[in-house]
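A.B. asks: Take a look at the following structure, please.
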Amino acid sequence: MNAQTTAEVQPSARIAVGDLVIDRERYLVTVGERVADLTYMEFEALYLIAAEDGRVASYEALAAGLWEDAGDDHRRRLAVLISRVRSKLGHGADYLQTVRQVGYRLLARE
């Protein structure tokens with residue numbers, strides 16, 4: 001794989017959707033001027049979803065990216081984790097969409 005192909009595959013260190021900004025280098029999430037105080041795992045889950053650039057991040061892919069061994073209850077664990085993320089994002093949670101039976105995606109509000 002050449003350097004250009006690798007760069008195309010790598011998600012950006014800073015992802016913005018509307019006024020929601022996810023800064024990987026600073027481990028910082030802001031919604032407008034407000035900082036969302038996320039834990040490490042909450043940040044990682046949100047970043048993995050955002051890195052899909054509007055595509056769905058499947059439950060299985062998220063579980064594999066977050067936990068070495070997610071076990072059979074990974075959907076429930078993800079639901080709880082995403083619920084905590086949504087509660088901390090305030091109106092920024094409007095960008096986070098559940099795709100039933102598939103996973104999650106991050107989209108701009110219309």
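A.B. asks: Among the candidates GLY18, GLY54, which residue alone is open to solvent by less than 40 Å² (accessible area, probe 1.4 Å) and modelled with pLDDT under 95?
C.D. replies: Of the residues listed, the single one that is open to solvent by less than 40 Å² (accessible area, probe 1.4 Å) and modelled with pLDDT under 95 is GLY54.
A.B. asks: Still on this structure, I have one more. Can you confirm whether GLU68 is among the acidic types (Asp, Glu) and surrounded by 14 or more Cβ atoms within 10 Å (Cβ to Cβ)?
C.D. replies: It is false that GLU68 is among the acidic types (Asp, Glu) and surrounded by 14 or more Cβ atoms within 10 Å (Cβ to Cβ).
A.B. asks: Inspect all residues belonging to segment 81-99 and state whether any of them is closer than 19 Å to ARG24 by Cα, loosely packed, with under 14 Cβ neighbours inside 10 Å and touching a strand residue (DSSP E or B) at 6+ places or on another chain (Cβ under 7 Å).
C.D. replies: Within segment 81-99, none of the residues are closer than 19 Å to ARG24 by Cα, loosely packed, with under 14 Cβ neighbours inside 10 Å and touching a strand residue (DSSP E or B) at 6+ places or on another chain (Cβ under 7 Å).
A.B. asks: Would a scan of segment 54-70 turn up a residue that is over 18 Å from VAL29 (Cβ atoms), free of Cβ contacts under 8 Å to residues at least 40 places away in the same chain and in a strand (DSSP E or B)?
C.D. replies: no
A.B. asks: Within segment 23-32, is there a residue that is in contact (Cβ under 8 Å) with a residue 24 or more places away in the chain, hydrophobic (A, V, I, L, M, F, W, C) and closer than 14 Å to LEU106 by Cβ?
C.D. replies: Scanning segment 23-32 turns up at least one residue that is in contact (Cβ under 8 Å) with a residue 24 or more places away in the chain, hydrophobic (A, V, I, L, M, F, W, C) and closer than 14 Å to LEU106 by Cβ.
A.B. asks: Can you tell me which of (1) exposed (fewer than 13 other Cβ atoms within 10 Å of the Cβ); (2) modelled with pLDDT under 95 is the one ARG75 doesn't meet?
C.D. replies: Result: ARG75 fails condition (1) only.
The values are calculated or read from the model by the stated rules, or taken from the named source; none is laboratory data. Here the structure is a predicted model, which means the values were calculated and not measured. Here Cβ is always computed from backbone atoms with ideal geometry, including for glycine, and neighbour counts include all displayed protein chains. The area values use the complete protein model at the heavy-atom level, side chains included, leaving out ligands, DNA and RNA. Shrake-Rupley method; radii C 1.70, N 1.55, O 1.52, S 1.80 Å.
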